[in-house]
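Accompanying notes for the structure given below.
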Amino acid sequence: MMHADSRFTAEQGEAAFKDFLRRFPSFVATAAVDDLRAADYARLDRLGHTYLDYTGGGLYAESQLRRHEELLAGAVLGNPHSQSPTSLAAAALARKARDAVRRFFNAPEGEFEIVFTANASGALKLVGEAYPFGPGGVFLLSFDNHNSVNGIREFAARKGAAVSYVPVREEDLRLDPEQVRTALRGAGDGAPKLFAYPAQSNFSGVQHPLEWVAEARELGWDVILDCAAFAPANPVDALAIGADFIPISFYKLFGYPTGSGCLIARREALAKLRRPWFAGGTITLASVQQEDWYHLAPGATGFEDGTIDYLGLPALSIGVEHLESVGMEVIHARVQALAGWLLEELAELSHTDGSPLARVFGPPGMERRGATIALYLVDPEGRPYDVYDVEAAAARERISVRSGCFCNPGDGEVAHRITRADVESCFSDPSVAITLHECQQRIEDATGKVPNTIRVSLGLASDFGDVYRFMAFAEGYRDRPSG
Ligand SMILES: Cc1ncc(COP(=O)(O)O)c(C=O)c1O
């Protein structure tokens, strides 16, 4: 255990690292990533950054950029919608990217389509707007979901389907398996029904059971398994998991490019979707002689509106190869060890009077959870230090953490015991677009509850120095009065 007053000399760092290795020996097998960081993520240490927001966005290796630039500089690439040599070259690179994504997620062509989108939200919208919701149908989802999943309820409700939530438990922000099973068994009258939950929470790091996918499908559900926060540090085997729809954002996996994601969709599930429009690129042909004369292209093509990101897609092949060269098992082992250490240290962190200095929301240990940790730093009376002040103080030390609600209102409301009555005033006048900040302030003023959280998340390039510096920062709050 480190002590803050001493504020960390190099020797203390060395001693802490030795202690860490003793407690988390699995980290040793990931030593190659330390070399990789020095070579390929050198800007982190050169610029003095402690990056702890991998759930917000992953970091690119500098070699990814070089390879992409070399590829673009050495080719002439045209819009892939024709038969010219430049067009064919671009189409070949897009095919290569699709194959790389298939390989990486074990999504073989016979069973799955890879639909390229702008991001995970784009993938979710494709499903939401085209799912055959209707009266008698259901959209069932967990409290723990990103707003881009929550937003699908708008499509469901407009088409007359019921929307139903399964809550998370306050003590660990997990779902109660019995409640999930009851909800899965109870709903629907034969009309299409869609169940959505995240493989890993972007709020608490909780990893929800993947087995629910098969159980739900057995009961006639189509399933969205949101892997946006899970995929960056856990292998995703689409074939083994069997979900109908898996949304992904590639910048969360390998940092570059942004603006590129995909929907991994089972072919038969994709065939159930009814797109609300057609666009250039999505049809085989259309006529202006009659309004319903158009043919949607089969498979992924029918879902990729307009021109695909044909210069960006080759960077996906490069990003996937980069992750393959590191190894997802190595990335997983590394972030699990670092997050395990952080959780243990945070649990021990206290003020001089023995009162806790940190409060973690979600599971206290690493079993069935990933390397995303939601927390408060709290004063000796248990009151949280202002989350935005903490973020700003961290920023002054070039520590990037996330604060706010992380687009996951369900986990936030349960973690902070925000009731319907507490939040009602933020929605009572639909004509006033109240901001998150204003709503949080209103709730805090009225109830004393602080609906706001700090999030620390780890990823490929994280090292012991990152988590050590965060603990040093957190220890700086010892005995500090709040407010
Ligand atoms: C679990 C989860 N789902 C969906 C998304 C949406 O991703 P994007 O903003 O890239 O569309 C995120 C982003 O943080 C996420 O964490």
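Could you tell me the convex hull volume per residue, in Å³, taken over the Cα atoms of the chain?
Spelled out: Cα convex hull of the chain, divided by residues, is 162 Å³.
For region 410-483 and region 264-288, what is the separation of their C-alpha centers, rounded to whole Å?
So the two Cα centres are separated by 41 Å.
Output the peptides 79-92, 327-340 sorted from most to least packed, where packing is the average of other Cβ atoms within 10 Å over each peptide's residues.
Packing order, densest peptide first, comes out as 327-340, 79-92.
May I ask which residue of 10, 177, 219 lies farthest towards the positive end of the charge dipole of the chain, with charges of +1 (Lys, Arg) and -1 (Asp, Glu) on Cβ and the Cα centre as origin?
219
How do 131, 388 line up, fewest other C-beta atoms within 10 Å first?
Placing the least packed residue first, the sequence is 388, 131.
With just the Cα atoms defining each centre, how far is region 57-79 from region 341-357? Give it in Å.
44 Å
Based on other C-beta atoms within 10 Å, arrange 262, 426 from fewest to most.
The order, fewest Cβ neighbours first, is 426, 262.
Can you tell me the order of 190-202, 142-154 when each peptide is scored by its average per-residue count of other Cβ atoms within 10 angstrom, highest first?
So the order, starting with the most tightly packed, is 190-202, 142-154.
Around residue 37, what is the net charge, scoring Lys/Arg as +1 and Asp/Glu as -1 over all other residues with Cβ under 15 Å from its Cβ?
-3
Is the shape of region 67-325 best called rounded, prolate or oblate, per the rule: a/c under 1.5 gives rounded, else a/b larger than b/c gives prolate, else oblate, with a ≥ b ≥ c the square roots of the Cα gyration tensor eigenvalues?
oblate
Residue farthest toward the positive end of the dipole of the chain, with Cβ of Lys/Arg at +1 and Asp/Glu at -1: which of 191, 390, 255?
191
Report the local net charge at residue 417: Lys and Arg +1, Asp and Glu -1, summed over other residues whose C-beta lies under 10 Å from its C-beta.
Neighbourhood net charge equals -2.
For the chain, what does -39500 (n - 2.57) per DSSP helix run (n ≥ 4), summed and divided by total residues, give at 222 nm, in deg cm²/dmol to the nearest 500?
Result for the chain: -12000 deg cm²/dmol, rounded to the nearest 500.
Rank by packing, highest mean first: peptides 277-287, 34-44, with packing defined as the count of other Cβ atoms within 10 Å averaged across residues.
34-44, 277-287
What does the net charge come to around residue 233 if you take all other residues with beta carbon closer than 11 Å to its beta carbon, with K and R at +1 and D and E at -1?
Neighbour charge sum, excluding residue 233 itself: +1.
Ranked by Cβ crowding within 10 angstrom, fewest neighbours first, how are 224, 241, 248 ordered?
Ranked by crowding around the Cβ, least crowded first: 241, 248, 224.
Lys pairs in region 67-325, Cα-Cα under 25 Å, at least 8 apart or on separate chains: how many?
For region 67-325, qualifying lysine pairs total 8.
Once you charge only the Cβ atoms, +1 for Lys and Arg and -1 for Asp and Glu, what is the size of the charge dipole of the chain about its Cα centre, to the nearest 20 debye?
My answer is approximately 820 debye.
Decide, for region 1-155, between rounded, prolate and oblate: order the square roots of the alpha carbon gyration tensor eigenvalues as a ≥ b ≥ c, take rounded if a/c falls under 1.5, and otherwise choose prolate if a/b is larger than b/c, else oblate.
It comes out oblate by the Cα gyration axes.
Just so you know, all these numbers are worked out from the coordinates, no wet-lab data involved. What you see is a predicted model, and the numbers here were worked out from it, not measured in a lab. Reconstructed Cβ throughout: ideal geometry from the backbone, glycine too, with neighbour counts over all protein chains shown.
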